[in-house]
Structure formats: C-alpha cells, structure tokens
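Comments concern the structure below.
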Amino acid sequence: MKNRVVITGLGVVAPNGVGIDAFSKAIKKGESGIRFHQQLSDLNFSCCIGGIPKISEEKKLDYLTPLQLRGFNSSGILYGCMAGIDAWKDAGFTVDSDSELDFDSGTVFGTGTSGVEKFREAIYKLDENQVKRLGSTVVVQTMASGISAFLGGILGLGNQVTTNSSACTTGTEAILMGYDRIKNGQAKRMLVGSCSDDGPYIWGGFDAMRVMTYKHNDSPIEGSRPMSATASGFVPGAGAGALVLESLESALDRNATIYAEVLGGHINSGGQRQGGTMTAPNAEAVQRCIKEAILNANISANEIDTINGHLTATSKDSLEIENWTKALHRKGDDFPYINSLKSMVGHCLAAAGSIESVATVLQLKEQFVFPNINCEDVHDEISALISEEKIVKQVLHTELNIAAKASFGFGDVNGCIIFKRYN
C-alpha cells in the first residue's frame, strides 16, 4: 500500500510578495512585482526590467545568524532559506539548532546557478593573488547543493538532503522527487522547492539570446505578457518557493493543517528530437508528460479544473496551449481555466516551478483562480483553440477540485504535477 502524500506547509519569496500572506493577497489582486533596474541599464542590457523580491537587512536576521551573514553574497540561497524555513514553521515544526536529528525528514531543494555574485567576488580575489582572503564560506555559497546544505543544517534533516537542477523544470521536479520518496515509504516528510539568484550575471545570457522583452523598460508592470498577442519575450525574475510534503498518516497523527494532496505527476524529456531543441520543446514529449501525469494521478483529463501553465510570454505560448488541448482532448469552452503567474513575477527560472506550485496550492486551499494580467489581447492562435473565458483576467472565486501545474525547461525537459483539494 503506497502512502498518500499531502502538503502541510508553504513558504514563498516572490517579487510581488514575501511570505504566504503577502503573496496570496498580491496574486488575488493581480499585483506585479516587476520593476525597472538601473543596474541593468548601466550594463547595457536590452531588457532593463525584472522581478526581484524586496528584503530588508533586518528581515535577513530572522532567518540567518550574523555569523552566517558575514561575507554572505548568495541571493538564491537567502531566498531558499527564507522560503524553506517559513514552510517548515508553517507545517508546525520548530527551528532549533539544538534539536534532535530527524531521520524521517529530508529535503530536495533545487537551483540553477548558485551564488554567482559570490563566485564573481571570489574570481576577482583569486586574480589579484588574494586566495587567503576568500573566506571560509565561498564553497558552500557557490556549490550547487549549497541551498540544501544550508537547510539541512538549519533544520537538522537526517533523511535525503540534496539539490536537483533541471533548468526551468527544477522546482516541479523537486516536488515530484520528494513525493516519490514519501510515496515509497523512504521518508515521512520532505521539504521541497527551488530557488534562483537575481541580477545581471544570471540574466545576461538570456539578454544576449534576445529572448527577453526590450519593449517595456518604461512600462515594467506591462512587460510580462503570457498568452498576449503583444508578448515580446519573457521578463526575468528571482525568488524561491517551498512546500512541506508529508505522508497523510503522519499529517493526521500530528493534526496538521493540510493544504492539498499531491496525486502524482510525471517527468520526461523530448531528447531534443522531433522539433525539440535546447530551447524549444518536443511537442510529442510535452503531451506525453501531461498524459502520463494524469495516468499516474489516477484521474481523467476531464477532472482537471484549472491549469497553471509554464507560459513564458514567448512565441511558444501558442504551442503550449495546443499541446494542452491535444493531451487533454479538451478545447473551446470545455478547456479548464488556465493562468500564468509569470505575468506578475516574470520568469523566475529555476525557482519558477516551486513558486508557481505554491500559487497553485493556494488556489485549491482558498478556492480561487488568480488573474492573468497584461492579457487583454489574447493571441489569435490561442483564442482559436480555447475560449477566452478560460483565460481569467480578474480573480475568480469558484469551486476547484483538481489543478495541474507544468514546467518545460531548457534542455527539452518537462514536468507535470497533479494537485487535489483536500477535504
């Protein structure tokens, strides 16, 4: 008998809201966290807007000690620690450096590039023959598994402690990896999520690829336009999302608050074949990923009430909608509600899947569909496939039971999760 897996804690650090309460209010109101950043302009970026969470120096001390913050320069690890610790506390657990080691709890917490600002700082010191002045935390701030190492130590996790990395699919994959571990009885609880650094040294490569919008430097809030006819590229973002997954038995034993249930999901790759490339999805693989997720969750496609898509505001949005219609065999008025959080926060890269999953779970818990902003002019190819009424433009309070969340990342990698309201 496989374990049922539920969500008992949430944490988020997003451009439009730090903490679950602020984030929930922002997504219901359709508030954008995208701003103009002078640093990008000074560095001659074409796209000078982005989503960066607002965090004070005082706020950092609520999560990391003065010693940990000495010489600290890794925004992604900071975001991940904040979201992870908040989720852990939200699930009803304490954070105590003297606590017992917990062999029933672990973490899969993903990232793309960790501590790039710290890495840059270290390179300059090395080039100036100052190796002895690097400090003792360069390695943990720049290694890929830095975030899981920080969280594992802060929370005393004794089960699997690891970091995954699969481009924009990272957060979605982390959730499914933790889900599998609990489902198979190898852990009672897994803290799962992902984080991403912010700033020019992360975003510069995308600017060079010309996949980011350059048309909204004077109107940043209008810049991220998923599913819009006037979409002109994605807006970069950063932050972290975290969820505490737990076996239903453990959650009930603790009388924990349950946000939703994870029914299942699927991860695959298009192998960069049949139209799939490093940056473009193999449509057959995307459709197969969605179908297999539905099969794994033991539901029918008709039971899905809402979809939180990948939908980045690039030329591939129409293809994504087409893939959903083919995978679900649903179109027009029969299509589920669909939205893209990226309209409000931008594309948070490795953190996207986890932040967007937190938003999806909040929708099920609080029974609403957050709006797509900047989508007054739905792309003709999309409106030919699905009813515009399914592309919610104002917050919709409605009964939801099952939600799908998908991510499709660089390298032609795909992930899809099925969440269910818990009664």
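Where a number appears in this text, it was derived from the coordinates with a stated rule and is not lab data. The shown structure was predicted, so the numbers you read here are calculated from the model rather than taken from an experiment. We place every Cβ from the backbone using ideal geometry, glycine too, and count neighbours over all the protein chains shown.
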Pull up the cross-link candidates among the aspartates and glutamates for Lys291, meaning alpha carbon to alpha carbon under 15 Å and not fewer than 8 places away within one chain. Glu303, Glu320, Glu322
Gap separating the Cα centres of the stretch 199-224 and the stretch 334-355, nearest whole Å: 17 Å
Sites matching GluC sites (Glu not before Pro) across the stretch 368-415 that sit in DSSP coil, with at most 15 neighbouring C-beta atoms within 10 Å: Glu376, Glu399
Under 5 Å from the placed amide H of Phe368, counting only residues 5+ away or on other chains, we find Thr398
Quick one, which of (1) 63, 56, 40; (2) 67, 52, 43; (3) 79, 53, 47 is the actual Cα extents along the principal axes in Å calculated for this model? (1)
Whole-Hz Karplus couplings 3J(HN,Hα) for the stretch 396-413, θ = phi - 60° and coefficients 6.51, -1.76, 1.60, Gly and Pro as x, run 10, 9, 8, 7, 10, 10, 10, 10, 10, 10, 10, 9, 10, x, 3, x, 6, 10
Setting aside same-chain residues fewer than 8 positions from Lys25, which lysines have a Cα under 21 Å from its Cα? Lys54, Lys59, Lys89, Lys342, Lys365, Lys393, Lys405
Please identify every one of the trypsin sites (Lys or Arg not before Pro) in the stretch 139-238 that sits in a loop by DSSP and has no more than 11 other beta carbons within 10 Å of its own beta carbon. Arg210
Loop-resident chymotrypsin sites (Phe, Trp or Tyr not before Pro) in the stretch 90-180 with no more than 16 other Cβ atoms inside 10 Å, DSSP not H/G/I/E/B, are Phe103
Could you give me the ³J(HN,Hα) list for the stretch 93-109, computed from phi with Karplus coefficients 6.51, -1.76, 1.60 and θ = phi - 60°, whole Hz, x at Gly and Pro? 9, 9, 10, 9, 5, 9, 5, 5, 5, 9, 6, 8, 10, x, 8, 10, 10
What are the ³J(HN,Hα) values, in whole Hz, obtained from phi via the Karplus relation 6.51 cos²θ - 1.76 cosθ + 1.60 with θ = phi - 60°, for each residue of the stretch 239-250 in sequence order, with x given for Gly and Pro? x, 7, x, 9, 9, 9, 9, 8, 5, 4, 4, 5
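Net charge near Arg273, counting Lys/Arg +1 and Asp/Glu -1 over other residues with Cβ under 15 Å of its Cβ? Present the calculation step by step, with values, prior to reporting the outcome.
Values: positive: Arg288; negative: Glu284, Asp412.
Neighbourhood net charge equals -1.
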